[in-house]
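Participant: This is the structure I have questions about; it appears just below.
The values are calculated or read from the model by the stated rules, or taken from the named source; none is laboratory data. Keep in mind the model is a prediction, meaning the values are calculated, not measured. Virtual Cβ from ideal backbone geometry, glycine too; neighbours counted across all protein chains shown.
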Amino acid sequence: MDGMTVDYNGLIPNNVGLNDDARVRKALETWYPGYIDWWTQMGPEGFQDKLVYLRTAVGVGSEGWAKFGYVRMPEYRWGVLLAPEVEGRTIPFGAHKGERAWQEVPGEYRAMLRRLLVIQGDTEPASVEQQRHLGATAPSNYDLRNLFQVNVEEGRHLWAMVYLLQKYFGRDGREEAQELLHRRSGDRDSPRMLGAFNEATPDWLSFFMFTFFTDRDGKMQLHALAQSGFDPLSRTCRFMLTEEAHHMFVGETGVQRIVQRTCEAMRDAGIDDPTDVERVRALGVIDLPTLQKKANLHFSLTLDLFGNEISTNAANAFNAGLKGRYREDRLTDDHVLTDATYPVQRLKDGAIVQEDVPALSALNMRLRDDFVTDANAGVARWNRVLERAGFEYRLRLPHVAFNRRIGEFAAIHADTQGRMLSEQQWAGGKETMLPSDDDNRFIESLMRPVHAPGSYADWIAPPRIGIDNKPGNFEYVKIEA
Ligand code: BYC
Ligand code: FE
Ligand code: FE
């Protein structure tokens, strides 16, 4: 096998030569029934027996890596896919910079690496659990299919981490792989590891915001891990990123289509003031201030996923050569950073100030800043819809101190502009910045399923083009079959 094509002959499609690796193949085959149990219990509710037009990876090269076809989700071919090996790759950063990339786990960093894999792995099934009820209220057959595509790929991302754990971490790895199937999003006794993955995703606006913001944390973290000196991790993440692009597409275009529909409805009704919430809602579309509040919520929850402003974990992972920066290979500094500083927004004597701190300890913030830049580009594309429709209203990302539970700003209240608020001001003003019960009830009232091919719920515009260039009335999920 050349490593570019995927072997589909065994139970587990792969391009890692599982056929010749009896130990790992057996470990994965032993894990498989538990995975299917988890998928059946915690994966998409309903629709498991329906044919869904899904893409499946058939190769890992940059062109034509996927094929589309109807599959029942439990029969999806989840596989182990690594991007092609780069000949002579060296460790791109940290204390081991320039040494040959590791093909085996460096003993001294075993625990650190295992922790990174487990945290990464834990988020993947968590998101599937969070999204499991959404099929019942999908705004179209097209959106239903996209939800399931994201879900099966997050399932595959779990496989990706489980493969690394089982291949490189022996018994500990097998135990961690079991634990990944046992924790549950939002569970009191055995929750998922990171905060945002224990929140509910109750409606489709939340889903689109989640895939826009939270999957984008996935993108940033995967980029940082794709730089890893541990080559199997790098190759795994590089391939995961090709799938991740679709998740970001689903989120960005989902919100964009909502904005578009709201603008059309306001135009048709002669509404010039988008903040006239009652009138806009009476049209059966989502008003822009509520979209803004949902964005505020999901942005702030996602910022928490970047960890603390100052982090020795992050410095250690970088020094060790395990987790790099976003596009480390395109940066032009020394890639060691022992003498560098980085500006970080901090809380000092009760005020938010920018402070230069040692760059190594600020790596979480650097990645978070790259995330904010990346997210802002998407927000600008939403705003172009508003601009074209002739509205002055703009969506914007809130200040990083707003609504935080991790890091320095967890200790204070701030508004979306970063102005500090007293407990009382926060309690009084919260509902103007975050979705209120009333807002959530309104969104919920719109969540009625539209499953007929080519039809769309009234609050969302159809996509410009179909998946795999299919026509508008294509039946992506065969509801009757
Ligand atoms: N919730 O030194 P610090 C994705 C803990 S998303 C709970 O700042 P560090 C996806 C932290 O664990 C990408 N606990 O931490 C998206 C630490 O605990 P210990 C997921 C938190 O390590 C959508 C302590 O606080 N991948 O793929 O620098 C759908 C000290 O903090 C949180 C990764 O995250 C939190 N939010 O940074 C599907 C990559 N934040 O060890 C999938 C791997 C911090 O002292 N993970 N803590 O007990 C990492 O690189 C790092 O673990 C983190 C945290 C960036 C998450
Ligand atoms: Fe993922
Ligand atoms: Fe994703």
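Participant: Can you tell me which residue within the stretch 74-108, out of those that are touching a Phe, Trp or Tyr at 6+ places or on another chain (Cβ under 8 Å) and not in a loop (DSSP other than H, G, I, E, B), is nearest to ligand 2 (Cβ to nearest atom)? Show your work before the answer.
Facilitator: Of the residues in the stretch 74-108, the ones touching a Phe, Trp or Tyr at 6+ places or on another chain (Cβ under 8 Å) are 74, 77-83, 91, 93-94, 101-102, 104-106.
Within this subset, residues satisfying the condition of being not in a loop (DSSP other than H, G, I, E, B) are 74, 80, 102.
Details: 74: 19, 80: 15, 102: 24 Å.
Checking each candidate, the answer is 80.
Participant: Do we find that residue 443 is buried (at least 17 other Cβ atoms within 10 Å of the Cβ), aliphatic (A, V, I, L, M) and over 16 Å from residue 289 (Cβ atoms) in this structure?
Facilitator: Details: buried (at least 17 other Cβ atoms within 10 Å of the Cβ): yes; aliphatic (A, V, I, L, M): yes; over 16 Å from residue 289 (Cβ atoms): no.
So residue 443 does not fit the description; no.
Participant: If you go through the stretch 195-229, how many residues are surrounded by 18 or more Cβ atoms within 10 Å (Cβ to Cβ) and part of a loop (DSSP other than H, G, I, E, B)?
Facilitator: Of the residues in that region, 6 qualify.
Participant: In addition: I need every pair where a residue in the stretch 299-327 that is within 21 Å of residue 114 (Cα to Cα) and within 6 Å of ligand 1 (Cβ to nearest atom) has its Cβ under 7 Å from the Cβ of a residue that is among the β-branched types (Val, Ile, Thr) and modelled with pLDDT of 95 or more, sequence separation at least 6 or different chains.
Facilitator: Hits for this filter: 307/406; 308/406.
Participant: Provide a single number: the residues in the stretch 455-474 that are out of contact with any strand residue (DSSP E or B) (no Cβ under 8 Å at 6 or more places or on another chain) and under 25 Å from residue 56 (Cβ atoms). Spell out the reasoning first.
Facilitator: The initial filter retains those residues of the stretch 455-474 that are out of contact with any strand residue (DSSP E or B) (no Cβ under 8 Å at 6 or more places or on another chain), namely 455-466, 469, 471-473.
If we keep only those that are under 25 Å from residue 56 (Cβ atoms) as well, we get 463-466, 469, 471-473.
The number of residues fulfilling the criteria is 8.
Participant: For the stretch 147-187, give me each residue that is acidic (Asp, Glu) and either more than 30 Å from residue 47 (Cα to Cα) or at pLDDT below 95 (or both).
Facilitator: Of all residues in the stretch 147-187, those acidic (Asp, Glu) come to 153-154, 172, 175-176, 179, 187.
172, 175, listed by residue number.
Participant: Only one residue in 85, 63, 75 is closer than 18 Å to residue 4 by Cα, of a type in the set (Asp, Glu) and out of contact with any helix residue (DSSP H, G or I) (no Cβ under 7 Å at 6 or more places or on another chain), so which one is that? Before you say what the answer is, go through the steps one by one.
Facilitator: On the way: 85 fails: out of contact with any helix residue (DSSP H, G or I) (no Cβ under 7 Å at 6 or more places or on another chain); 75 fails: closer than 18 Å to residue 4 by Cα.
Answer to the check: 63.
Participant: Moving on. For the stretch 418-435, check the following and say yes or no: at least one residue is aliphatic (A, V, I, L, M) and in contact with a strand residue (DSSP E or B) (Cβ under 7 Å, 6 or more places away or on another chain).
Facilitator: At the first step, the residues of the stretch 418-435 found to be aliphatic (A, V, I, L, M) are 420-421, 427, 433-434.
Now restrict to residues that are in contact with a strand residue (DSSP E or B) (Cβ under 7 Å, 6 or more places away or on another chain): 420-421.
Checked the stretch 418-435: at least one residue is aliphatic (A, V, I, L, M) and in contact with a strand residue (DSSP E or B) (Cβ under 7 Å, 6 or more places away or on another chain).
Participant: All but one of (1) in contact (Cβ under 8 Å) with a residue 40 or more places away in the chain; (2) surrounded by fewer than 16 Cβ atoms within 10 Å (Cβ to Cβ); (3) in contact with a Lys or Arg (Cβ under 9 Å, 6 or more places away or on another chain) hold for residue 448; state the number of the condition that does not hold.
Facilitator: Only one criterion in (1) in contact (Cβ under 8 Å) with a residue 40 or more places away in the chain; (2) surrounded by fewer than 16 Cβ atoms within 10 Å (Cβ to Cβ); (3) in contact with a Lys or Arg (Cβ under 9 Å, 6 or more places away or on another chain) is unmet by residue 448, namely (3).
Participant: Pick out the one residue from 297, 222, 301 that is over 30 Å from residue 101 (Cα atoms) and within 16 Å of ligand 3 (Cβ to nearest atom). I'd like the intermediate steps shown before the answer.
Facilitator: Values: 297 fails: within 16 Å of ligand 3 (Cβ to nearest atom); 222 fails: over 30 Å from residue 101 (Cα atoms).
That would be 301, the only listed residue that is over 30 Å from residue 101 (Cα atoms) and within 16 Å of ligand 3 (Cβ to nearest atom).
Participant: Could I ask something else about it? For the subset of the stretch 98-129 comprising residues that are among the basic types (Lys, Arg) and more than 17 Å from residue 314 (Cβ to Cβ), which member is farthest from ligand 3 (Cβ to nearest atom)? Spell out how you get there, then give the answer.
Facilitator: Just the residues of the stretch 98-129 that are among the basic types (Lys, Arg), to begin with: 100, 110, 114-115.
From the residues that got through so far, the ones that are more than 17 Å from residue 314 (Cβ to Cβ) too are 100, 110.
Numbers: 100: 31, 110: 27 Å.
It comes out as 100.
Participant: Given the conditions (1) touching an Asp or Glu at 6+ places or on another chain (Cβ under 6 Å); (2) away from ligand 1 (no atom under 11 Å from the Cβ); (3) in a helix (DSSP H, G or I), which single one is not true for residue 159?
Facilitator: (1)
Participant: Out of the residues in the stretch 318-345 meeting the condition of being in contact with a helix residue (DSSP H, G or I) (Cβ under 6 Å, 6 or more places away or on another chain) and not in a loop (DSSP other than H, G, I, E, B), tell me which one is surrounded by the fewest Cβ atoms within 10 Å (Cβ to Cβ).
Facilitator: Within the stretch 318-345, the match that is surrounded by the fewest Cβ atoms within 10 Å (Cβ to Cβ) is 341.
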